[in-house]
């Protein structure tokens, strides 16, 4: 029967093989570490039942590893059995004073090894539940996309998650543990004093804007949130930190269950376990969430996606008073994409008067990279919407709004070039929004763009050949209308090469052969959108809209 994990820290393979054999035969899950960094990583991730540490191995600095294990709050309470090749009373005594639970002398017999491991495990059994709780805390702590840290009142990090190290430009959390927060992290040390004054006076701190220093000396704007946690006697033992919105959007009247559970969990951890499991318990000061600000104004809330050109975040404008205002920030991956992002901004400005276009809010720079701030659209993508059966009125409304915004773009000589269900959002009120003009192109003196971009199942034959034009968007609209009414794509294959061959050479199956209730005139319109020769299609989305309204005067009015 499998037991808990055991970490063996030893560089001598002969000793390791014997220990592994004995422990695995007894049902333990054995994990090996051959150096201090690996030992610390495994101990933090696994919280094992016991650590077997070879302190006299010439390739290991055993007592230094022991000291590191006992220094960190998360691993401080782990039982460590030190293993020596030659008994040295002073050496063993030093290890025991540093916190070792027991010692063994190599070579050790199977019976003695398992007996000592079993006793140590039983002695530390009360801490096992605590260890599981800490493990859950670590999962939350390291899994959080924002920067989280624990610190003492005097301004030293006790722990920090990986994302905080990344934000501040450090290689790992161990580097942060050596810093003086006030001196090394705050751009203005007086901000640290203001922070402490406010949170102790008010009992909480919300959206505390502060400038921090990265390792490379650059300034970075951050937002801090936290709340006082008191013990049963009312004394401050720390702060729980999480993002507290200025006010929730009107649509979200009920708190999210996962957020409530997260807050309850962190509160229990801080109140009941922090003083026991972390070093300097009495001096424990704060668990805070740190959020990077874009242009010292927009708070990163949630990453929505990442691609070859950059990343997309849901953000909040901290300078806007009243109801929380969410936006989408598109951040260029590097400076070489700045010109492309500025072109996208220009296109958004030209189209944003249309109700189905995405609104551009701001264009800023962050670390030399252009950032587009656009409206955040609540709702579901067309891809999600199409997973259920749509009513005829819904289908017509979506199609007409989508065709109308593309016709508006074509009127301004702009082709989208990436119309697909993932880029179409339907709000709860039924309003359609066409997103992502990242590969859109403004046609000036010529009618064709000579770049192959787009998503394969929605690309017209000429687009595959690198010659996009307004009729290429008409093709994409035809594919989407076909899919809305039949629940199938006219061309699809898992193999991209086969898919492109289908688009270039094969005719689509007539929609009425899949769904006989589709009106014949609508089938003809769809099939005209999917003609191989772009000259045989509607010249632009405006022509497509006219054809729909001519055959179906009340189309989309239901």
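The values are calculated or read from the model by the stated rules, or taken from the named source; none is laboratory data. Model, not experiment: these values are computed from the prediction. Positions of Cβ are generated from backbone atoms using ideal geometry, with glycine treated the same way; all protein chains shown enter the neighbour counts.
Considering (1) crowded, with 17+ Cβ neighbours inside 10 Å; (2) not in a helix (DSSP H, G or I), the lone condition that residue 43 does not fulfil carries the number (2).
From the list 494, 521, exactly one residue is under 20 Å from residue 420 (Cα atoms) and surrounded by fewer than 17 Cβ atoms within 10 Å (Cβ to Cβ). Which is it? Talk me through it step by step, then tell me what you get.
Values: 521 fails: under 20 Å from residue 420 (Cα atoms).
Step by step, each of 494, 521 is checked, and only 494 is under 20 Å from residue 420 (Cα atoms) and surrounded by fewer than 17 Cβ atoms within 10 Å (Cβ to Cβ).
When the range 459-480 is filtered for residues that are touching a helix residue (DSSP H, G or I) at 6+ places or on another chain (Cβ under 7 Å) and without any contact (Cβ under 8 Å) to a residue 40 or more places away in the chain, nothing remains. Tell me, which residue of the range 348-376 that is touching a strand residue (DSSP E or B) at 6+ places or on another chain (Cβ under 7 Å) and at pLDDT below 90 is nearest to residue 435 (Cα to Cα)? Looking at residues that are touching a strand residue (DSSP E or B) at 6+ places or on another chain (Cβ under 7 Å) and at pLDDT below 90, I get 352.
Only a single criterion out of (1) under 26 Å from residue 325 (Cα atoms); (2) in a strand (DSSP E or B); (3) modelled with pLDDT under 85 is not satisfied by residue 220, namely (3).
Picking from residues in the range 98-125 that are in contact (Cβ under 8 Å) with a residue 40 or more places away in the chain and part of a helix (DSSP H, G or I), the one that is farthest from the chain's Cα centre (by Cα) is 110. Taken over the range 167-202, residues that are touching a strand residue (DSSP E or B) at 6+ places or on another chain (Cβ under 6 Å) and either farther than 16 Å from residue 222 by Cα or touching a residue at least 60 places away in the same chain (Cβ under 8 Å) (or both) amount to 6. Against the condition surrounded by 19 or more Cβ atoms within 10 Å (Cβ to Cβ) and over 35 Å from the mean Cα position of the chain (by Cα), how does residue 65 come out, does it pass? Against the criterion (surrounded by 19 or more Cβ atoms within 10 Å (Cβ to Cβ) and over 35 Å from the mean Cα position of the chain (by Cα)), residue 65 does not qualify.
Among the residues of the range 48-61, is there at least one that is within 33 Å of the chain's Cα centre (by Cα), in a loop (DSSP other than H, G, I, E, B) and at pLDDT 85 or above? Yes: the range 48-61 contains one or more residues that are within 33 Å of the chain's Cα centre (by Cα), in a loop (DSSP other than H, G, I, E, B) and at pLDDT 85 or above.
Yes or no, residue by residue, for (1) within 30 Å of residue 45 (Cβ to Cβ); (2) in contact with a helix residue (DSSP H, G or I) (Cβ under 6 Å, 6 or more places away or on another chain); (3) modelled with pLDDT of 80 or more:
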site	(1), (2), (3)
140	yes, no, no
143	yes, no, no
148	yes, yes, no
158	yes, no, no
192	no, yes, yes
196	no, no, yes
201	no, no, yes
210	no, yes, yes
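If you go through the range 322-363 and keep only what is at negative phi, part of a loop (DSSP other than H, G, I, E, B) and touching a residue at least 60 places away in the same chain (Cβ under 8 Å), you end up with 323, 324, 355, 356, 358. For the range 388-404, the condition of being under 20 Å from residue 556 (Cα atoms), at pLDDT 90 or above and in a strand (DSSP E or B) holds for none of the residues.
Considering only the range 16-40, how many residues are part of a helix (DSSP H, G or I), in contact with a strand residue (DSSP E or B) (Cβ under 9 Å, 6 or more places away or on another chain) and closer than 15 Å to residue 117 by Cβ? Looking only at that region, the number is 4. Against the list (1) within 16 Å of residue 392 (Cβ to Cβ); (2) over 34 Å from the mean Cα position of the chain (by Cα); (3) surrounded by fewer than 18 Cβ atoms within 10 Å (Cβ to Cβ), the condition residue 486 fails is (3). Within the range 1-18, being over 15 Å from residue 79 (Cβ atoms) and either surrounded by fewer than 24 Cβ atoms within 10 Å (Cβ to Cβ) or at pLDDT below 85 (or both) holds for 1, 2, 11, 12, 13, 14, 15, 16, 17, 18.
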